Amino acid sequence: QHWRNAKPCAGALVTHDGALLLVRRAFAPYEGWWDIPGGFCDPDEHPADAAVREVREETGLEVGVTGLLGMWMDTYRQHGAIQSTLNVYFTARPLGPVTITLDRSEASEARWFAPRDLPEQVAFPDHTGSVLAAWREGNPTRSG
């Protein structure tokens, strides 16, 4: 039997010195747009573990989860198919050196953004703006 359940996804809002790490997507959908490091959970993988794995795969950074930011529903469109997603976002921080080593098949660029300087063109705009707003509201270094 086939169920049309939402696919679980996880992402990490990694901060260092008050700045947020975003990556520029290297593939569709939203190729070239800024995104929160993350992706689909593997079978039986806890979303927190998936978030840590995705950051490592995309940027080479080892991070530790510091909290749960929240969950957002969305859809993922690729090759004409539409899939519902449950997107779980965690706050995280680097555990070691803050040296980025990009996987160019995943991300073409990574950059640290101050809370007031987040880019407007973000992937998955149906929910990512709300995620970034929630992060900004909980960020103690926020100004204004």
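Filtering Gly60, Gly80, Gly70 for residues that are touching a helix residue (DSSP H, G or I) at 6+ places or on another chain (Cβ under 7 Å) and on the phi > 0 side of the Ramachandran plot leaves a single hit, Gly70. If you take the residues of the range 31-58 that are farther than 17 Å from Leu20 by Cβ and aliphatic (A, V, I, L, M), which of them is surrounded by the fewest Cβ atoms within 10 Å (Cβ to Cβ)? Selected residue: Ala48. Here is the figure for the range 88-102: residues that are assigned to a loop (DSSP other than H, G, I, E, B) and among the hydrophobic types (A, V, I, L, M, F, W, C) total 4. Among the residues of the range 88-97, not a single one is open to solvent by 70 Å² or more (accessible area, probe 1.4 Å), among the β-branched types (Val, Ile, Thr) and in contact with a helix residue (DSSP H, G or I) (Cβ under 8 Å, 6 or more places away or on another chain). Scanning the range 59-87 for residues that are open to solvent by 40 Å² or more (accessible area, probe 1.4 Å), over 17 Å from Asp35 (Cα atoms), without any contact (Cβ under 8 Å) to a residue 40 or more places away in the chain and not in a loop (DSSP other than H, G, I, E, B) returns Thr66, Leu68, Ala81, Ile82. In the range 49-98, of all residues being aromatic (Phe, Trp, Tyr) and touching a Gly at 6+ places or on another chain (Cβ under 8 Å), the one that is nearest to Ala26 (Cα to Cα) corresponds to Tyr89. Selection of first residues in the range 103-130 that are open to solvent by less than 80 Å² (accessible area, probe 1.4 Å) and part of a helix (DSSP H, G or I) and of second residues that are modelled with pLDDT of 95 or more and of a type in the set (Val, Ile, Thr), restricted to Cβ pairs under 7 Å at least 6 apart or on distinct chains, gives the following pairs, ordered by first then second residue: Thr128/Ile36; Thr128/Val122; Gly129/Val122. Within the range 1-30, being part of a loop (DSSP other than H, G, I, E, B) and surrounded by 13 or more Cβ atoms within 10 Å (Cβ to Cβ) holds for Ala6, Gly18, Ala26, Tyr30.
Take the range 75-99 and flag every residue that is among the aliphatic types (A, V, I, L, M) and at pLDDT 90 or above. Of everything in the range 75-99, those that are among the aliphatic types (A, V, I, L, M) and at pLDDT 90 or above turn out to be Leu86, Val88, Ala92, Leu95, Val98. State yes or no: is Glu106 of a type in the set (Asp, Glu) and more than 23 Å from Gly70 (Cβ to Cβ)? Yes.
The values are calculated or read from the model by the stated rules, or taken from the named source; none is laboratory data. Note that this is a predicted model, so its numbers are computed, not measured. As a convention, Cβ positions derive from the backbone with ideal geometry for all residues, glycine included, and neighbour counts pool all protein chains shown. When the accessible area is computed, the model is the full protein with side chains, heavy atoms only, and any ligands, DNA or RNA have been set aside. Shrake-Rupley method; radii C 1.70, N 1.55, O 1.52, S 1.80 Å.
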